[in-house]
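Participant: One structure is given below, represented as structure tokens, and several questions about it will come after.
The values are calculated or read from the model by the stated rules, or taken from the named source; none is laboratory data. Nothing here was measured: the structure is a model prediction, and the numbers come from that model. All Cβ positions, glycine included, derive from the backbone under ideal geometry; neighbour counts span all protein chains shown. These area figures cover heavy atoms from the full protein model, side chains too; ligands, DNA and RNA do not enter into them. Shrake-Rupley method; radii C 1.70, N 1.55, O 1.52, S 1.80 Å.
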Amino acid sequence: MITVEHLRKEFTYYKKMTGIRGSLHNLFHREALTKEAVRDISFSVEKGEMIGFLGPNGAGKTTTLKMLSGILYPTGGRIEVDGFIPWERKDEFKRRISIVMGQKNQLWWDLPASDSFYLNKCIFGVDDGAYRDIVTELSEMLEVKELLNVQVRRLSLGERMKMEILAALIHRPDILFLDEPTIGLDILSQKKIREFLKICNEQWKTTVIITSHYMADIEALCDRTVIINQGQLVYDGKLGEVNQLLGKRKLLTVKTSATVETGQWEAYAPVREASDAGAVLEVPQEKVQEVLTAILSGLPVEDFTVTEIPIEESIAWFYRKEVVTP
């Protein structure tokens with residue numbers, strides 16, 4: 001459905017000095033600077049996949065989505081989306097895709113959302129009957145049916161975001177690009193939007209690429225994740241395998257009935273944290289049983305648990321990475 005090969009995007013901007021003297025200097029001797037927002041990334045997406053597109057701020061996520069949707073023209077490389085070249089912006093291509101950006105509005109602020117929906121219906125040439133069915137079905141799924149005729153400006157942030165997603169799906173696109181769709185939303189609104197997107201993907205086989213800084217969004221929706229940093233691809237694979245690439249470590253949390261000195265814990269494994277009540281140790285997966293047996297025989301253990309390294313920590317490690325994972 002989507003093919004990206006050696007994609008690059010550069011932006012040219014100018015250094016600006018302050019003050020009157022600086023302004024005169026800028027007028028005659030501007031210093032041009034170049035920002036490489038995306039540097040030689042390649043990946044492909046199959047029909048019906050939901051992919052988490054991750055990276056720190058400024059990594060190039062939004063820039064990549066804009067090139068995939070035809071908003072920006074790349075500096076180099078090749079993109080093919082459902083058989084189309086995005087920046088050619090052919091009408092048939094625009095009917096196949098939709099993009100929702102959490103920090104930009106597509107709905108008319110002073111009009112009810114239903115008016116914006118109808119405008120999209122006319123733009124995309126959706127049949128009257130199909131339009132009514134879509135709006136009814138999606139508004140019920142998102143629980144906003146009673147708000148369709150309320151001015152957008154009077155809706156809460158969560159309600160507006162639901163309306164934005166509904167507007168993007170009026171023409172039933174094959175591909176949906178989502179850039180921070182749950183930013184600033186409360187937990188219940190985030191959960192409802194995630195459930196809705198999952199249903200759309202399962203029922204309509206919509207291909208979805210989603211960027212988010214909320215790992216709950218990615219873990220709930222995506223089996224595969226693509227991570228970029230400083231414009232470069234650093235990981236492309238299953239989300240569940242991220243921890244395995246970092247050494248298959250486990251967290252061993254031990255609660256004791258008596259105080260144990262930190263030095264005693266360090267004899268068994270690296271200590272993440274320690275207190276009078278116990279400690280958290282980081283243990284290689286293959287040594288968990290060995291370490292646990294030694295601790296049980298040598299210390300006053302009251303209880304213990306073995307858990308995975310939080311996925312956020314593994315993702316953060318990739319955010320600091322600068323080479324592509326083979």
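Participant: Once ligands and nucleic acids are excluded and a 1.4 Å probe is used, how much of Val271 is accessible, expressed in Å² to the nearest 10?
Facilitator: 40 Å²
Participant: I've got another one for you. Tabulate in residue order the Karplus-calculated ³J(HN,Hα) for the range 36-53, using 6.51 cos²θ - 1.76 cosθ + 1.60 with θ = phi - 60°, rounded to whole Hz; enter x for Gly and Pro.
Facilitator: Here the 3J(HN,Hα) series is 8, 6, 9, 10, 6, 9, 9, 6, 9, 10, 8, 4, x, 6, 10, 10, x, 10 Hz.
Participant: If you don't mind, there's one more thing I want to ask. Where in the chain is the longest stretch that carries no trypsin sites (Lys or Arg not before Pro) classed as loop by DSSP and with at most 16 other Cβ atoms within 10 Å?
Facilitator: 105-204
Participant: Right, another one. Mind running the shape call on the range 1-155? Use the C-alpha gyration tensor, a ≥ b ≥ c as the square roots of the eigenvalues: rounded below 1.5 for a/c, prolate if a/b tops b/c, oblate otherwise.
Facilitator: In terms of gyration-tensor shape, oblate.
Participant: Expressed as an acute angle from 0 to 90° and rounded to the nearest 10, what is the orientation of the C-alpha long axis of helix 19-28 relative to the principal long axis of the chain?
Facilitator: Computed tilt is about 60 degrees.
Participant: Going by the alpha-carbon gyration tensor, a ≥ b ≥ c the square roots of its eigenvalues, is the range 86-216 rounded (a/c under 1.5) or, if a/c is not under 1.5, prolate (a/b greater than b/c) versus oblate?
Facilitator: Judged from the Cα gyration tensor, the range 86-216 comes out rounded (a/c under 1.5).
Participant: What angle, in degrees between 0 and 90 and rounded to the nearest 10, separates the Cα long axis of helix 288-298 from the longest principal axis of the Cα atoms of the chain?
Facilitator: 40 degrees
Participant: Turning to a different aspect of this structure: Rounded to a whole number of µm²/s, how large is the Stokes-Einstein D of the chain at 25 °C and 0.890 mPa s, given Rh as the Kirkwood radius over C-alpha pairs?
Facilitator: 107 µm²/s
Participant: For the range 79-179, with every protein chain kept in place, what is the accessible area per residue (1.4 Å probe, Å²)?
Facilitator: I get 50 Å² per residue for this part.
Participant: Okay, moving on. Antiparallel DSSP bridges in the chain: what percent, to the nearest 5?
Facilitator: 70 percent
Participant: So which lysines pass the test for Lys104, namely a Cα distance under 17 Å, with those fewer than 8 places away in the same chain ruled out?
Facilitator: Within the straight-line cut-off, Lys104 pairs with Lys61, Lys66, Lys162.
Participant: Summarise the accessible area of the range 1-116 (1.4 Å probe, protein heavy atoms) by the percent that is carbon and sulfur.
Facilitator: Ligands and nucleic acids excluded, carbon and sulfur reach 50 percent.
Participant: Can you pull the percent of the range 241-293's accessible area that's carbon plus sulfur, 1.4 Å probe, other chains left in place?
Facilitator: Here carbon and sulfur together make up 44 percent of the probe-accessible area.
Participant: Right, another one. In terms of Cα to Cα distance under 21 Å, which lysines are near enough to Lys250, apart from those fewer than 8 places away along the same chain?
Facilitator: Lys250 reaches Lys238, Lys287.
Participant: Given springs between every Cα pair under 10 Å in a Gaussian network model of the chain, which of Phe43, Phe196, Phe304 has the largest fluctuation?
Facilitator: Answer for the Gaussian network model of the chain: Phe304.
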